[in-house]
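**Q** Got a structure for you, questions after.
Quick note: the coordinates plus some simple rules give every number you see, no bench work behind them. As the structure is a prediction and not an experimental result, all values here were calculated from the model. Note: ideal-geometry Cβ built from the backbone for every residue, glycine included; neighbour counts use all protein chains shown.
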Amino acid sequence: MKNINTKFLGFIIVLNAHSAMAQISSEDKISYKKLATNLSQVQEMRVYMADASGTGHQQATQTVMRYLRKLGFKGSYDLIIADTVKATKTTVLKQGLPFYDPTKAGQQCDSQKTICVRTLSEFQADTGAKPLKYGISGADDGYEVPGTYEMKFIGAAELKVEKYIALQPIGWSSHEGIDEVGKEFVQKKLQGLGLAYHDTVEANALAVAGFQQFKASTDPSENIRGENLSYLLTNEHKFDIQTIYGMGLIPNVHNVFGTVAKLASGVRAHAEKEGFALFNRPKLLLTFSTLSEDEWYLSEYQFGSMDSNIQPVPTSNIQLYDIRDADLVAKLSKKMTSPDQVAVIAVGRVPQGIYLKFVEAADLPILVGGKNTIDEAMSMGIPYFNTVQDTSDLSIYTTDADGNGITLYEEQVSAISQVSEKLARGDSSPSSLNSFYPIMVAMFTKDSEYYKLFHARERTDTTKIFIKDKIAVLMSMAFDGDAQ
């Protein structure tokens, strides 16, 4: 991949104006062992945790921190969090940083001082904050300057680091201003890279910790939620599961739920017509989005629970459930008796480990509108539709025998993009549904190009850096730049 810097998009690596940066290609044969040696020599790394409408940015940053440990980083983290994260994302902070108390001011560290946390304003007020060599962020959309339409991004200068890697959310890379953020930003095009950091053992441990939080809660409804989620995960082999996340930004989201439910209800029959024994269990559609009461109210209309002017789903085999219902297991056992039965369950936000275990268990293409899940899905080979509608993250680039750049799976990426766009609109017309079904079936048929597309980034060899491992590639770029 001699021209990788001109063929990919999806992150910003920030160097000072005079730094050089090596090109990463397949010929470089940079090993994880070499990267681990370099990382082990870094005593401290600065991390920035940005804010956004959901919690994916914070979870992505924490995941990156854990993954760097696996790659060989043994030093301490100086974690800088956006002030709004401290004010509004207390739950996700407590889940990932149990030692941190958002009600207290000033820097706080864990007992071993491997992670110290403070807000951006506290960091900026510290005139004695020392410059560091490296900084990283799991996701950053930037922020709009109050009273203007100008987009600004936290960069190397603001964080007092020489080299800064800001992993950008897929689909938000076209934000106005991202290409004009200053000469110190060197954009590299790494389109289609997955972070390749998913670890089943780690996800299991995170899930166990998450269920312990539900069990320890003093809120009885949270105890019930934990018990019901545990049942669903323990019995996931009884259902075809689809996870839904990131719908809070979608207009008329109730229409999206109606369309997805219809798809889940009808896909088995289509697969059977095509000669495939797929999707033969009752369907669980688990939505992890936090929606307003009005949005759920309209969703109830969609599923025919009430009279309304909104066109309800024309079938009685789709029903909406609440994860806090103490009788949920009994209701599912009674109702979910055939493969075309669909339960849409309002789950809400949960600890990251529990959510990832359900993504890992998905038997239908997941529906997602956020960065962290997309990267996890890429690592696991889980098919998905991106309701942000930007499917550039799916494109895979390589070179031909003459070294010319070529794009793989263009036809499949284009088709998935069209489905994603229609799903985001809640398009449930018969013609659209009939065009969706073949793609959904192909995603789970091993000989199909759709299947190969989603499994192309699975991490199967840890002896060398592959283009599917974004963090390792970028950190190697930074270290190789030091050598020049």
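**Q** Which FRET efficiency value, to the nearest 0.05, do you get for Gln418 and Ser448 by plugging their Cβ-Cβ distance into 1/(1 + (r/R0)^6) with R0 = 22 Å?
**A** Computed FRET efficiency for Gln418 and Ser448 comes out at 0.80.
**Q** Just to verify a number: FRET efficiency for Phe99 and Asp322, C-beta to C-beta distance, R0 = 25 Å, to 0.05?
**A** Step by step, r from the Cβ atoms, then E = 0.15.
**Q** Show me, for the range 54-65, the HN-Hα J-couplings you get by feeding each phi into the Karplus relation (A = 6.51, B = -1.76, C = 1.60, θ = phi - 60°), rounded to Hz, glycine and proline as x.
**A** x, 10, x, 5, 5, 5, 4, 5, 5, 5, 4, 4
**Q** Mind ranking 349-358, 227-236 by how tightly packed they are, going by the mean number of other C-beta atoms within 10 angstrom, highest first?
**A** Answer by packing, highest mean first, reads 349-358, 227-236.
**Q** OK, next. Skipping prolines and chain starts, which residues have an amide H placed within reach, meaning under 5 Å, of the one on Lys133, given they are 5 or more residues away or on another chain?
**A** Glu162
**Q** Another question, then. Which FRET efficiency, nearest 0.05, do Thr234 and Ala269 yield, Cβ-Cβ r, R0 30 Å?
**A** Taking R0 as 30 Å, the efficiency between Thr234 and Ala269 is 0.55.
**Q** Continuing with the same structure: Which peptide among 269-279, 67-77 comes first, and what is the full order, when sorted by highest mean count of other Cβ atoms within 10 Å?
**A** 67-77, 269-279
**Q** Under the 0.36 nm per residue contour assumption, what length would be gained going from the current alpha-carbon distance of Ser111 and Ser435 to full extension?
**A** Separation in residues times 0.36 nm, less the Cα-Cα distance, equals 111.1 nm.
**Q** Apply the Karplus parameterisation 6.51 cos²θ - 1.76 cosθ + 1.60, with θ equal to phi minus 60°, to every residue of the range 420-433 and state each ³J(HN,Hα) to the nearest whole Hz, in sequence, with x for glycine and proline.
**A** Each residue of the range 420-433 in turn: 4, 5, 5, 5, 5, 8, x, 6, 10, 5, x, 5, 5, 4 Hz.
**Q** By how many nm would the segment from Glu411 to Val208 lengthen if fully extended, with 0.36 nm per residue of separation less the alpha-carbon distance?
**A** So the extension gain works out to 69.0 nm.
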